[in-house]
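> For reference, the structure I am asking about is given below.
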Amino acid sequence: MRIPFIAGNWKMNKTMAEARLFARDIKEMYLDTDVRAAIFAPYTQLLVLKEALKNTGIALGAQNVHYEMSGAYTGEISIPMLSELGVDYCLIGHSERRQYFGETDQTVNLKMKALLDSEIKPLVCVGEDLGQRESGQALALVEKQVRAAFDGIAAEKAVRATIAYEPIWAIGTGRTATPEQANEMCACIRGVLSSLYDEETADEIIIQYGGSVTPENATQIMNMEEIDGALVGGASLDPVKFMQIVDF
Ligand code: PGA
């Protein structure tokens, strides 16, 4: 049984003071729910949020991590550093990191392996750009990204990962994939997992859709059979909107 999982990706937004306000507001709204929720905040907000979200049941995520445990990597953050802060999840392979910061299928795989050796659960993003969608390459491209991310990872560990299918053309554009398009890709991803592992393993892994998810379209997206959750950017900055999505 897969528990629905709604994750908010704040990207490079909010100061510490704003993060505190968000936590104060959401605390009053996030009561009993069967939906799992997490906020993926900038590094500098993690400590504040850990404290502010205590006892709410809302999990905490980082937006990136280095795969080495320590060393001469100026500007990077390691898994032990995140563990010390009590971080539950870490995003890897977000398309903005692939596009602007040189993240590759290979570094995604190294980060997956390092995270799956730790307590922190990876949330790995995959997705095609508009050109790849229009030229009919989307399925093949996403399959390649999934295979690369899970390369060399055993089934017992793989089940701790979450996958977010985020078509790049739908991120921050207001142009969502249709629920059918999103569902088709999530089904394809589950098929790839099934061929990499087995059906039982594939059935356990949470697959989210991401890209312009809003309170208005969340229900339709979440009602699709193969979609287990959402990775929400813009709408996660507002506690009311984020909660409306959690309560889809
Ligand atoms: P968006 O971002 O909801 O603002 O489109 C989604 C994401 O990049 O994770």
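The values are calculated or read from the model by the stated rules, or taken from the named source; none is laboratory data. On a predicted model such as this, the values are computed, not experimentally measured, just so you know. Don't worry about glycine lacking a Cβ; one is built from the backbone with ideal geometry, like all the others, and counts go over all protein chains shown. Areas reflect the complete protein model, heavy atoms only, side chains present, ligands, DNA and RNA absent. Shrake-Rupley method; radii C 1.70, N 1.55, O 1.52, S 1.80 Å.
> Along Cα→Cβ, 7 Å out, is where each label goes; now give me the distance between the ones at T44 and L85 in nm to one decimal.
1.2
> A further question on this structure: Working with all protein chains in place, sort R147, R175 by solvent-accessible area computed with a 1.4 Å probe, largest first.
Descending accessible area places them as R175, R147.
> With charges set only on the Cβ (+1 for Lys and Arg, -1 for Asp and Glu), what does the dipole of the range 93-176 come to about its Cα centre, in debye to the nearest 20?
100
> Just from its helices, what would the mean residue ellipticity at 222 nm be for the chain, if runs of 4 or more DSSP H residues each count -39500 (n - 2.57) and the sum is divided by every residue, rounded to the nearest 500 deg cm²/dmol?
Numbers: 12 runs with 106 residues, N = 248.
Value at 222 nm, helices only: -12000 deg cm²/dmol.
> Next question, about the same structure. For E28 and T178, what does the FRET efficiency come to when R0 = 25 Å and r is the distance between their Cβ atoms, rounded to the nearest 0.05?
Once the sixth-power term is evaluated, E becomes 0.15.
> Right, next: Toward the positive end of the charge dipole of the range 82-235, about the Cα centre and with charges on Cβ (Lys, Arg +1; Asp, Glu -1), which of L91, F101, N217 goes farthest?
F101
> Accessible surface of M224 in the full protein assembly, 1.4 angstrom probe, to the nearest 10 Å²?
Counting only protein heavy atoms, the figure is 40 Å².
> Taking the Cα centre of the chain as origin, sum charge times position over the Cβ atoms of Lys and Arg (+1) and Asp and Glu (-1), and report the length of that vector in debye to the nearest 20. Numbers along the way, then the final one.
Numbers: 22 positive and 35 negative charges, 151 e Å.
Once rounded to the nearest 20, the dipole reads 720 debye.
> Turning to a different aspect of this structure: Going by Cα centres, the range 203-235 and the range 57-110 are how many Å apart?
That distance is 23 Å.
> Under a no-solvent Debye model with one identical scatterer per Cα of the range 152-248, what's log10 I(q)/I(0) at q = 0.16, 0.19, 0.22 Å⁻¹?
-0.65, -0.86, -1.05
> Right, something else. From the convex hull of the Cα coordinates of the range 5-246, what is the mean projected area in square nanometres?
12.3
> Could you compute the net charge surrounding Y165? Neighbours are other residues with a C-beta less than 11 Å from the C-beta of Y165; K and R count +1, D and E count -1.
Local net charge: -4.
> Ignoring ligands, DNA and RNA, what percent of the accessible area of the chain is carbon or sulfur (1.4 Å)?
51
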